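Novice: Dropping a structure here in structure tokens format, bear with me for questions.
The values are calculated or read from the model by the stated rules, or taken from the named source; none is laboratory data. Since the structure is predicted, the reported quantities are computational estimates derived from the model, not experimental observations. Note that we place each Cβ from the backbone using ideal geometry, even for glycine, and neighbour counts take in every protein chain shown.
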Amino acid sequence: MALPTINPTTTKAWEALKNHYETIKDTHLKDLFKKAPNRADVLSIEWNDFYIDYSKNRIDETTKKLLIDLAKEVQLDKAIQSYFGGEIINETEERAVLHTALRVPSDQIVEVAGKNVVNEVSEVKNKIKEFCNQVISGDLKGYTDKPFTDIVNIGIGGSDLGPAMITESLEYYKNHLNLHFISNVDGDHVHQRLKGLDPETTLFVVVSKSFGTQETLSNAITARNWFINQASSSAVGKHFVAVSSNVQKVVDFGIEETNIFPLWDWVGGRFSLWSAVGLSISLSIGYENFESLLEGAHQMDEHFKTTNFEENIPVILGLLSVWYNNFFEAESEAIIPYSQYLHRLPAYLQQGIMESNGKSVDRAGNPISYQTGTIIWGEPGTNAQHAFFQLIHQGTKLIPAEFIGFKNPLFGDKSHQDKLMANFFAQTEALMNGKNKEEVLEELQSKNLSEEKLNQLVPFKVFSGNKPTTTVLIDKLTPKSLGALVSMYEQRIFVQGVVWNIFSYDQWGVELGKQLATNILNEIDNSQISDHDSSTKMLIKKYLS
């Protein structure tokens, strides 16, 4: 097998971590800092323009050592070699996992079944570059010889979330083209997006590897009908392009073969923004910025592939997730970017992390007796401080949180940035320290409250603290730094999957619902309900009535 199959709970390191957890589980972060005032120097990583501070986590140097021992025992090093070496690590689908090959320099070699795939990747990149330059410059025009003003990306899952997240994160760098995304098969969503668009100046990018995904194909047909009703079927070829591996289906749809940008089976949907799926990204921010995005991701890939585990950002972050998930039994993690540009990042990572590692059988097909996967959620700060931070600060759940911030604002408004980052730093400190009873009493006594009122309020104002956070501080939000950030999370997914002994790159769990939906749609079309449980049968009847 390409990946080692080692149950982590059978390792010496896991047993040692269980024993160590019992000794450290009730230790307060404040005490850890008192014991080792230089924790921030020891438990941090500086890499390029990234500074990762993980000192506000409920660990000590023994924890770190044992977690790294665990990574070594499950043979993470060998797994990394198999991953980057193009081996078939997605075994249930018999595919390599090589989204990393999409961002390597053109002079490098990455082989799959003895074939250097970088040559093909470079050809597609050149095609993307040429096409985008023609559209952006206005040299490529619509059927009435007008330049394009609007781009509509039609896809779902990674074919939507990736491009949408990146283009919104890099809105500062966008050009004159207006970008729109159609994903949900909800007709109201589709027609709302089409409303107000001019068919003479709108370019549609249909993204589907199989060109058979129900939501994407339905939405593409609706968009094509909308276009034909105002233009003509002969003009479809000038206004629709596709990103797909199914050439025949795309041609049958009416898109010219020269306007098809290919995909490969070793690119998973949720890791596909680096491929031709990123066509909309390149159209929005220009090909040079798209290349910078790829470059940043490649640099993080190299860091992950070559750096020792002790200083390896994705390894450390992945192991911290395992620590909280499997020993503290924390079921969720909050990701909180202190940049409104990154407001789609938590949703993007929800798919990447939860679809990848939401598995209940190991790589040998055996049921798993330990927790895998974590629930990912979040929103930008400071908005989040006025929403769910109450739960993190004073709720009953342990929720490790990751804070992402930038030193330099894009528009140069230092006053706003200082306020934003003051909150950024204050929240991690507040989550760590909390506020004890004595501090609350001292604060309230200055307000001349009665003793009765004072005693009544104290319990409500106490914060236990000891809430773990990791801080990712980056110099500036650029295409390159964003590429590195996304790659960091991708490689963290890989680390977790290796430790948990699962296949991170298939997603069979989404198939059953699709199959049943196809059957039920036939029943709705024919108004004939087949055998279902009583609840589903009644719901369909109510819908048809």
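Novice: Any residue in the range 1-16 that is surrounded by 13 or more Cβ atoms within 10 Å (Cβ to Cβ) sitting within a Cβ distance under 6 Å of a residue that is of a type in the set (D, E)? List the pairs, counting only those 6 or more apart or interchain.
Specialist: Close Cβ pairs satisfying both conditions: A2/E87; T11/E73; A13/D69; A13/E73.
Novice: For the range 212-260, which fully contained helices (runs of 4 or more DSSP H) count at least 2 residues that are hydrophobic (A, V, I, L, M, F, W, C) and at pLDDT below 95?
Specialist: Output list reads 247-253.
Novice: When both residues are 6+ apart or on different chains and their Cβ atoms are under 7 Å apart, which pairs have a first residue that lies in the range 79-95 and is at negative phi and crowded, with 19+ Cβ neighbours inside 10 Å, and a second that is of a type in the set (D, E) and outside any helix (DSSP H, G or I)?
Specialist: Close Cβ pairs satisfying both conditions: N90/D506.
Novice: Could you say which residue among A347, A330, A334 is among the small types (G, A, S), assigned to a strand (DSSP E or B) and at negative phi?
Specialist: Result: A334 is the single residue among A347, A330, A334 that is among the small types (G, A, S), assigned to a strand (DSSP E or B) and at negative phi.
Novice: State all residues of the range 264-323 that are under 19 Å from the mean Cα position of the chain (by Cα) and of a type in the set (D, E); if no residue qualifies, say none.
Specialist: E295, D301
Novice: Right, here's the next one. For a quick check of your reading of the model, give me the residue pairs whose first member lies in the range 202-213 and is outside the structural domain of C132 (by TED's automatic domain parsing), whose second is assigned to a loop (DSSP other than H, G, I, E, B) and modelled with pLDDT of 95 or more, with beta-carbon atoms closer than 7 Å and at least 6 apart or on different chains.
Specialist: Within 7 Å, no pair qualifies.
Novice: Conditions: (1) under 27 Å from H28 (Cβ atoms); (2) surrounded by 18 or more Cβ atoms within 10 Å (Cβ to Cβ). I353 meets all but one. Number of the miss?
Specialist: Among (1) under 27 Å from H28 (Cβ atoms); (2) surrounded by 18 or more Cβ atoms within 10 Å (Cβ to Cβ), I353 violates only (1).
Novice: Assess whether E46 counts as being outside the structural domain of K480 (by TED's automatic domain parsing) and among the acidic types (D, E).
Specialist: Judged against the criteria, E46 is not a match.
Novice: When you scan the range 417-536 for helices (runs of 4 or more DSSP H) that lie fully inside it, which ones turn up with 2 or more residues that are under 27 Å from the mean Cα position of the chain (by Cα), touching a residue at least 40 places away in the same chain (Cβ under 8 Å) and assigned by TED's automatic domain parsing to the domain that holds V322?
Specialist: 479-500
Novice: Pairs, please: C-beta under 7 Å, at least 6 apart or cross-chain, first residue outside any strand (DSSP E or B) and in the range 179-191, second hydroxyl-bearing (S, T, Y)?
Specialist: Every condition considered, the pairs that remain are V185/S218; V190/T222.
Novice: For T5, are the conditions met, namely being β-branched (V, I, T), closer than 23 Å to L431 by Cα and assigned to a loop (DSSP other than H, G, I, E, B)?
Specialist: When the stated conditions are applied, T5 does not pass them.
Novice: Next up: Kindly list the number of the only condition in (1) surrounded by fewer than 24 Cβ atoms within 10 Å (Cβ to Cβ); (2) charged (D, E, K, R); (3) not in a helix (DSSP H, G or I) that fails for K209.
Specialist: Unmet for K209, out of (1) surrounded by fewer than 24 Cβ atoms within 10 Å (Cβ to Cβ); (2) charged (D, E, K, R); (3) not in a helix (DSSP H, G or I): (1).
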